[in-house]
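Inspection log for the structure reproduced underneath, given as structure tokens.
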Amino acid sequence: MECYLDNAATTKVSDNVYAKLSEVYLKEFGNPSSMHKVGMEAEKHVKASRESICKILKCESSEIVFTSGGTESNNMALIGAALANNRQGKHIITTRMEHASVYNPVLFLENLGFEVSFCEVDENGIVDMDSLLSLLRDDTVLVSVMFVNNEVGSVNPVADISKAIKEKNPKVLFHVDAIQAFGKFTIVPKKMGIDLLSVSGHKIHGPKGSGFLYIRKGVKVKPIINGGGQESGMRSGTENVPAIAGLGVASEDMYNNLEANRKKMFALKTRLINGLMAIEGTHVHTISNRLENSEELDEIVALTAPHIVSCGFEGVRSEVLLHALEEKGVYVSSGSACSSNHPAISGTLKAIKSEQKYLDSTIRFSFCVNTTEEEIDYALETLKELLPVLRRFRRK
């Protein structure tokens, strides 16, 4: 049996998305900037996708900029907003739990002369509000906090965070990396006080190379890609029409079935966690330390993202366990896929003050609406089979 439990890294495109991609690639392949019929047919797909996303976010069409994915969206938000607003100040606040596509642009800005402060998070991966507010200054220009952590599935109260920030300094821009949240949570940026919001298509059964950045009307962002002036001058380059069209379909599908999808994934998550906690020497990050008794599990799980489970396995290196599971047809991750080529101890696990024995012994399981109970059960049985063997060869 093959069991793909790495959906936080990427998802399989849905049948509806595949059909749309085929249609656009083969039949309506024009350049949307062209003035003739073929170009205008392509432009209709871009417009339709933009309208679908605006309906979901309850925003204006001018507030959506299509990008190549989450990394570009985060770079555009952080670098573009910082450079456009640097007269207001050159101080940025973020956390050490952010994805590399936030963390590294922030370091890039630091090299340009910006000052970066990192606020604390608690053991469950939630921003420490006192720490954040203590760092806010008159010259703070930007705060960036992820909605859902991609490694441990913690969920930040972004609306509360924004409210607290704006009450202390209304001029501060608030950026949210919603790459793991879009399609799993209701998101209304204006209502939640979000100025900039990043989204990626391939996390929601859309095509790779698709994404968008929401930029609240009135927020200044300097383009970081210059050229022909596409996307209202914010993102030059011929639009990837098939990817944009596929992103629109994927977004519609996720939000048309949002509650049913969430219910199914939470049930799978609870099933997996129950099985993991029955295995000796395990610790489910953001869950285990909250539980006083098993009756609380559903309530605690509901505080986290529906599709991510991060578990430490005492006495087994994550890389060893990952490949042992792979040989049995179970595909998981040892952390963020974007960092897999640069192995290091997770900054997220350090930030939540994970016990030392789990820092290099943690596996991430992530699923989607197509994941089955049989896959969860197979993964658990495989773990029970492998762990005793692997632990015999633990490092002394």
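The values are calculated or read from the model by the stated rules, or taken from the named source; none is laboratory data. As the structure is a computational prediction, the values presented were derived from the model and not from experiment. Note: ideal-geometry Cβ built from the backbone for every residue, glycine included; neighbour counts use all protein chains shown. For the accessible areas, the whole protein counts, side chains as well, though only heavy atoms, and no ligand, DNA or RNA atoms are used. Shrake-Rupley method; radii C 1.70, N 1.55, O 1.52, S 1.80 Å.
Using only Cα atoms, tell me the angle between helix 158-168 and the longest principal axis of the chain; keep it within 0 to 90° and round to the nearest 10. The helix 158-168 is inclined about 60 degrees to the chain.
Net charge dipole, the stretch 258-392: roughly 420 debye, given to the nearest 20, about the Cα centre with Cβ charges of +1 for Lys and Arg and -1 for Asp and Glu.
Cα centroid separation, the stretch 127-160 to the stretch 290-311: 22 Å.
Relative contact order for the stretch 15-256: 28 percent, from Cα pairs under 8 Å spaced at least 6 residues apart, divided by residue count.
For the stretch 87-126, trypsin sites (Lys or Arg not before Pro) are listed when DSSP marks them as loop and at most 13 other Cβ atoms sit within 10 Å of their Cβ; the list is Arg87. Residues considered: Gly125, Gly218, Gly209. Largest GNM mean-square fluctuation over the chain, using C-alpha springs under 10 Å, is found at Gly218. Magnitude of the charge dipole for the chain, about its Cα centre and with charges confined to Cβ atoms of Lys, Arg (+1) and Asp, Glu (-1), is about 940 debye. Once a ≥ b ≥ c are taken as the square roots of the eigenvalues of the Cα gyration tensor of the chain, is the result rounded (a/c under 1.5), prolate (a/b larger than b/c) or oblate (a/b not larger than b/c)? It comes out oblate by the Cα gyration axes. Relative to the longest principal axis of the Cα atoms of the chain, helix 100-111 runs at roughly 60 degrees. Taking a straight line from the alpha carbon of Lys191, these lysines sit under 22 Å away, with near neighbours fewer than eight places off in the same chain left out: Lys55, Lys58, Lys163, Lys166, Lys168, Lys171, Lys217, Lys220. The simple spin-label model puts a point 7 Å past each Cα toward its Cβ; for Glu299 and Glu110 those points are separated by 4.0 nm. For Lys37, the aspartates and glutamates whose Cα falls under 18 Å of its own Cα, not counting residues fewer than eight places away in the same chain, are Glu23, Glu28, Glu239.
Assuming a ≥ b ≥ c are the square roots of the Cα gyration tensor eigenvalues, decide whether the stretch 32-77 counts as rounded (a/c under 1.5), prolate (otherwise, with a/b larger than b/c) or oblate. It is oblate, given that a/c is not under 1.5 and a/b is not larger than b/c. The GluC sites (Glu not before Pro) found in the stretch 1-80 that occupy coil by DSSP, while having at most 15 further C-beta atoms within 10 Å, are Glu2, Glu60. Based on protein heavy atoms only, the chain ends up with 45 Å² per residue of surface accessible to a 1.4 Å probe. Site-free segments of the chain were taken between chymotrypsin sites (Phe, Trp or Tyr not before Pro) in DSSP loops having at most 15 other Cβ atoms within 10 Å, sites themselves excluded; the longest one is 30-392. Over the chain, what percent of the accessible surface lies on carbon and sulfur atoms, probe 1.4 Å? Ligands and nucleic acids excluded, carbon and sulfur give 50 percent.
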